[in-house]
Amino acid sequence: MTDALFRLDGRAALVTGASRGLGRRFAMALAGAGAHVALAARDLERLEAVAAEIAAIGGEATPIVMDVTDRASVAAGVTEAEMLFGPLRAVINNSGIALTQRLLEVTETEWDPVIDVNLTGAWLVAQASAKAMVAHGQGGSIVNISSILGQRTNPGVIAYNAAKAGLDHVTREMAAELARYGVRVNALAPGYIETDMNRSYWETPPGKALMGRVPMRRLGQEADLDGPAIFLASDASAYMTGQIIGLDGGHAVGFI
Ligand code: NAD
């Protein structure tokens, strides 16, 4: 009986930034739980490769080209997802970019794209998804992918810190406004998760030193994402909304 709580069989899901990294893994996890997943990002070729991986494990997924900073592109993507798979029930709002910026020198040219993708883009996806969920009336779950840096600082990434802090509060605000429609909005706040993009850093002395201070003394692995993502996307978390859930080996609690 409890297993059924975590199933997403036949439900339409949307994962943004699904072409690689965490988004690819979120998409595979939801498909593994039975969801029909619309894979959104800008790079069709990469999305097709992820769709093929999901098909190979018996899952159902289709690429959708979407730029999350473009309202029309987001709206068209949500419509396409519903045309393909029916009422949208779960969204992993994952697209993001990071850019190192020195506080005293950061320019608007460096600041703007980070805010555009991580905050404005995430809000556009969450808003369009929420509109679809309110319209179909079956409820749904929106999972915003934040970061531990939404709640604590890290020098050199001021725009990213600000965007993720903003996304945390967008999450709370949306949760409060949408609860009456059966739409839940939570955030996952990962610490450091090993991906193709950052793997080489963790082999360097500073990377190893940083990881040596995280309470669990290890990097997060992509497999660590599966349980929290399925939990928040499914009815297993039916009475949870407006929460920012850490996924960080104890990192946000403090270095020890
Ligand atoms: P990544 O760079 O590997 O993937 C980012 C994804 O976002 C890609 O699919 C990319 O195409 C997509 N994207 C970027 N701009 C886009 C746009 N304008 N429109 C549509 N898609 C766009 O990064 P990742 O490490 O997989 O990170 C995924 C999410 O997890 C991000 O929101 C990131 O902030 C968050 N996060 C990652 C870590 C980590 O350790 N990897 C830690 C905390 C939070």
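The values are calculated or read from the model by the stated rules, or taken from the named source; none is laboratory data. Not measured: the values here are computed from a predicted model. Heads up, the Cβs are rebuilt from the backbone with ideal geometry, glycines too, and the neighbour counts pull from every protein chain shown. Side chains are part of the model used for accessible areas, which takes the heavy atoms of the whole protein and leaves out ligands, DNA and RNA. Shrake-Rupley method; radii C 1.70, N 1.55, O 1.52, S 1.80 Å.
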Practice task
Kindly list the number of the only condition in (1) in a helix (DSSP H, G or I); (2) modelled with pLDDT under 95 that fails for P155.
Solution key: (1)
Practice task
Could you check how many residues of region 155-175 are within 13 Å of N118 (Cα to Cα), of a type in the set (A, V, I, L, M, F, W, C) and touching a Gly at 6+ places or on another chain (Cβ under 6 Å)?
Solution key: 1
Practice task
May I ask you to list the residues in region 82-121 that are within 13 Å of the ligand (Cβ to nearest atom) and within 17 Å of T241 (Cβ to Cβ)?
Solution key: I92, N93
Exercise for the section: Could you check E48 against (1) part of a helix (DSSP H, G or I); (2) open to solvent by 50 Å² or more (accessible area, probe 1.4 Å); (3) more than 14 Å from the ligand (Cβ to nearest atom) and say which number it fails? Expected result: (3)
Fill in the blank from the handout: Filter region 191-208 for residues that are more than 12 Å from the ligand (Cβ to nearest atom) and open to solvent by 60 Å² or more (accessible area, probe 1.4 Å); the one that is farthest from the chain's Cα centre (by Cα) is P205
Problem - Scope region 51-73; condition more than 9 Å from the ligand (Cβ to nearest atom) and either in a loop (DSSP other than H, G, I, E, B) or open to solvent by less than 50 Å² (accessible area, probe 1.4 Å) (or both); matching residues - result: A51, I54, I57, G58, G59, A61, T62, P63, I64
Practice task
Report, by residue number, each residue of region 98-122 that is in contact with a strand residue (DSSP E or B) (Cβ under 9 Å, 6 or more places away or on another chain) and either closer than 22 Å to A81 by Cβ or crowded, with 21+ Cβ neighbours inside 10 Å (or both).
Solution key: V114, G121, A122
